[in-house]
Structures are given as structure tokens and as C-alpha cells.
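The values are calculated or read from the model by the stated rules, or taken from the named source; none is laboratory data. In this text, all values refer to a predicted model and were calculated from it rather than measured experimentally. Here the Cβ positions follow ideal geometry from the backbone for every residue, glycine too, while neighbour counts run over all protein chains shown. The area values use the complete protein model at the heavy-atom level, side chains included, leaving out ligands, DNA and RNA. Shrake-Rupley method; radii C 1.70, N 1.55, O 1.52, S 1.80 Å.
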Amino acid sequence: MALKLHLKRRILTEHFTIGTLFANGDFVCHSLEPSIYAVSHPAIQEGVYGVRMYPSSKFKGVRPILTGVKGRSGILIHEGNLPSHTQGCILVGIWNGRGMVEKSRDKLAVVQSMIEHAISRDEEVKIVVSR
């Protein structure tokens, strides 16, 4: 069985994008991305992407990375709280009702564990990004 993540974007503003992340149909957490309207480092296009683990020197450990993002590279799923922390990546956490997420490290640990478990079983990991 493959792990299918679905990032459903819910709130799109000129400053940030809030979404909901599901794994095989079950709610996992919220997400925070840059605005889809941003000139520098906008949110990625909607689509289906591969996910693998990537050794990140910036975060001093492995993080999930999206593969197959047209015209972009280095799109990680990582910890952070504010839109300024995204730099084009996907932050995970619990949306606080404003333009940020909380408990990011805790939710990243959950997401990363699911991905690592699937990869250890030679399962394909995909993420669908949509509205």
C-alpha cells in the first residue's frame, strides 16, 4: 500500500496559504505555505508530487522533500511557524486562526514518521496539492 498525502489548501491570502494535510484520507495537521501570489518563493503549483527523505544541512537532519516540482527544487516539508519561515516550502503544525501554525515540531515528527515508515516498507509516497 502506498502512502498518499493530500494537502488541501483552504485559505489563500496575499501573505500566506493555510491548508489541511491528510494521510490516506485521515486528518494529520494543518499546513502553512507562502502565498500563491508571492513573487519570490510562491507556494508550489497544484499537482501530484513524489516525496522522499532528504539530508538537510540547514535543519541538521533529514526532512521530507517533494520531487517532480516543475521549475523548482528544494521544496521541503519542515518545521516553522510564520510565513517568513516557509521560503517556498511547506510548514506543518496546528493553525492558530491567524497567519501562523503552532506545535510545528510535534506535527513534523508525526508526518516524518509516517513517511519514513512507508519508505522503509518500499512503499511509494505521493502528495497531492489542491484547492
Solvent-accessible area of residue 58, probe 1.4 Å, all protein chains present, reported in Å² to the nearest ten, please.
130 Å²
What FRET efficiency would be calculated for the residue pair residue 122, residue 84, taking the C-beta separation as r and a Förster radius of 41 Å, to the nearest 0.05?
0.65
Among 78, 30, 117, which one shows the biggest mean-square fluctuation in a GNM of the chain, springs joining Cα atoms closer than 10 Å?
117
Percent carbon-and-sulfur accessible area, the chain, ignoring ligands, DNA and RNA, probe 1.4 Å
53 percent
What net charge is computed for the residues neighbouring residue 54, neighbours being all others with C-beta under 15 Å from the C-beta of residue 54, Lys and Arg scored +1, Asp and Glu -1?
+3
Pulled fully out, how much extra length does the chain show between residue 46 and residue 22, if you take 0.36 nm times their separation in residues and subtract their Cα-Cα distance?
7.1 nm
What lysines sit close enough to residue 4 to cross-link, taking a C-alpha to C-alpha distance under 24 Å and skipping anything fewer than 8 places away on the same chain?
70, 103, 107, 126
Run the helix sum for the chain: -39,500 (n - 2.57) per DSSP H stretch of 4+ residues, divided by residue count, reported at 222 nm to the nearest 500 deg cm²/dmol.
-4500 deg cm²/dmol
Probe 1.4 Å, protein heavy atoms only - accessible area per residue of region 2-60 in square angstrom
54 Å²
What aspartates and glutamates could a cross-link reach from residue 58, if we take a straight Cα to Cα line under 12 Å and drop same-chain neighbours fewer than 8 places away?
79
Taking only Cα atoms, what is the 0 to 90° angle, nearest 10, from helix 104-120's long axis to the longest principal axis of the chain?
30 degrees
Calculated log₁₀ intensity ratio I(q)/I(0) where the Debye formula runs over C-alpha points of the chain, q = 0.12, 0.19, 0.20 Å⁻¹
-0.39, -1.04, -1.17
